Amino acid sequence: MISHPYRIGLTRQCFDPAGKLVFDPAALEPLRSTPGVTFEFIAKATPSVTPGQAARYDAIVCRGPRVDSASLAGPLRRLRLVARFGAGVDKTDIEACTEAGVIVTNTPDAVRRPVATRSLSV
């Protein structure tokens, strides 16, 4: 049993430049309604998840920032799950996460438009 609230951080990149969520706000309802779970949007956009963020959250929903060995450094790390929101896990050091016992997930359906196209000559 978890003795503290399970804390989830969502990166600032979950908002578009106009400040609107890039996903349906209804997706947050399960987080709101699950006892023992709290979530918040991380106040500052950073190029990488910081050790301080890794110490604050059990899970981070990541849309943009890198997650690497520097992100996972420090004796106070609480982070156990990185949920990538978007196409691929290019910005996540899978080896560093595996060594640190951090699970990495990806939501490929989060991006409903092609991220790469190629024209074919006929």
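FYI, it's all coordinate maths here, none of it is from the lab. Note that this is a predicted model, so its numbers are computed, not measured. Cβ sites come from the backbone with ideal geometry, for glycine too, and all protein chains shown count toward neighbours.
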How do 20-30, 48-58, 95-105 rank on mean C-beta neighbours within 10 Å, highest first?
48-58, 95-105, 20-30
Which FRET efficiency value, to the nearest 0.05, is calculated for R78 and F23 with the Förster distance at 25 angstrom and r the Cβ-Cβ distance?
0.55
The summed charge of the T92 Cβ neighbourhood (under 15 Å; Lys/Arg +1, Asp/Glu -1) stands at 0
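Return an integer: the convex hull volume of the alpha-carbon atoms of the stretch 1-61, in Å³ per residue.
Numbers: hull volume 5.1 nm³, N = 61.
Taking only Cα atoms, the stretch 1-61 has a hull volume of 83 Å³ per residue.
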Starting from 0.36 nm per residue, how many nanometres of slack lie between E40 and R12 once their C-alpha separation is accounted for?
9.1 nm
Tally Lys/Arg at +1 and Asp/Glu at -1 over every other residue whose Cβ is under 13 Å from the Cβ of A59; what's the total?
+4
